[in-house]
Amino acid sequence: MFGRSSGIDPKYDDPRNHDGKYPPDWDARRKAVYERDNYTCQDCGLRSGPHAGDGGAILHAHHLISLRDGGRHHLANPRDGLSVLSRRYPRPPDRESVR
């Protein structure tokens, strides 16, 4: 689903494989997670992007487990990788609440 053809290099799933907080392919990862989650907050259901027009929620791609605590940049499993959340959540919610 996500691979080199999408501009995402799997070697950067592990934050130890690059310098800085975000991998070089962050923009592609961020866009892919929005598409995967259908531009919808995975906690509260607020929508944005093509579904919401100008009144859409402000959404962010979040690491559900902080990088400091061993989180990764992967997209395959939203329970411990990246997920879309609305601005209501300055920090990712408890992973159990994410759909």
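A few comments on the model shown:
- First in region 5-26 and assigned to a loop (DSSP other than H, G, I, E, B), second anywhere and modelled with pLDDT under 90 and buried (at least 17 other Cβ atoms within 10 Å of the Cβ), Cβ under 7 Å, 6 or more apart: ILE8/PHE2; ASP14/ARG72; PRO23/HIS73
- Condition check for ALA76: closer than 18 Å to ALA28 by Cβ and at pLDDT 85 or above: no
- The numbered conditions (1) within 23 Å of PRO10 (Cβ to Cβ); (2) without any contact (Cβ under 8 Å) to a residue 40 or more places away in the chain are all true for ILE58 except (1).
- Scanning region 37-75 for residues that are on the phi > 0 side of the Ramachandran plot and surrounded by fewer than 17 Cβ atoms within 10 Å (Cβ to Cβ) turns up ASN38, GLY45, GLY49, GLY53, GLY70.
- Among the residues here, ARG30 qualifies as among the basic types (Lys, Arg) and at pLDDT 85 or above.
This table checks each residue for (1) basic (Lys, Arg); (2) in a helix (DSSP H, G or I).
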| site | (1), (2) |
| --- | --- |
| ARG29 | yes, yes |
| ALA32 | no, yes |
| ASN38 | no, no |
| ALA57 | no, no |
| ARG68 | yes, yes |
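- Qualifying positions in region 8-36 - surrounded by 14 or more Cβ atoms within 10 Å (Cβ to Cβ) and either among the basic types (Lys, Arg) or touching a Gly at 6+ places or on another chain (Cβ under 7 Å) (or both): PRO10, ASP25, ALA28, ARG29, ARG30, LYS31, TYR34, ARG36
- Candidates in region 49-73 are the residues that are farther than 20 Å from ARG16 by Cα and modelled with pLDDT of 85 or more; of these, the one that is farthest from the chain's Cα centre (by Cα) is LEU59.
The values are calculated or read from the model by the stated rules, or taken from the named source; none is laboratory data. Since the structure is predicted, the reported quantities are computational estimates derived from the model, not experimental observations. Heads up, the Cβs are rebuilt from the backbone with ideal geometry, glycines too, and the neighbour counts pull from every protein chain shown.
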